[in-house]
1. If PRO76 satisfies every condition in (1) more than 30 Å from GLY119 (Cβ to Cβ); (2) at pLDDT 65 or above; (3) surrounded by fewer than 10 Cβ atoms within 10 Å (Cβ to Cβ) but one, which is the exception?
2. Anything in region 110-127 that is modelled with pLDDT of 85 or more and loosely packed, with under 11 Cβ neighbours inside 10 Å? List them, or say none.
Amino acid sequence: MPQPSKCRQKPAWNVLPASTDPVSWLWQALAAIGIVLVVTTVLRDARMKQRESAESKPVHRVDINFASDAELDLLPGIGPALAREIILSRPYSTAEELERVKGISKKMAARLLPLVKAGQGRRAADQ
């Protein structure tokens, strides 16, 4: 009478390797790559949507000749002390003159240029 085989056969429904199989690292690596691809795709789509929404919004430029210290304080990198320095250095003929303000570097001025303008004359509220 033939003896039964000592090798344990896997059931037919089990298509994935068991954790003791030597190729389980391959499945883990493929799963990790899949997760990375999904996360990068989701992040890329979120950045694209954020860029589109930022481009569609009209930019309200702050007038550095007439803005209050509270309005200037809303600009990125500008705090209350720097807002006072901007006010004390008025009037400005161009927005590029922000570089002359003590505490504003050329790099910061370049970052602020798209957000500010130097209006001429008097505002209607000041008349």
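The values are calculated or read from the model by the stated rules, or taken from the named source; none is laboratory data. These numbers were taken from a predicted model, which means no experiment stands behind them. Here the Cβ is made from the backbone with ideal geometry for all residues, glycine too, and neighbour counts use every protein chain on show.
1. (1)
2. Once the filter is applied, which keeps residues that are modelled with pLDDT of 85 or more and loosely packed, with under 11 Cβ neighbours inside 10 Å, region 110-127 yields only PRO114.
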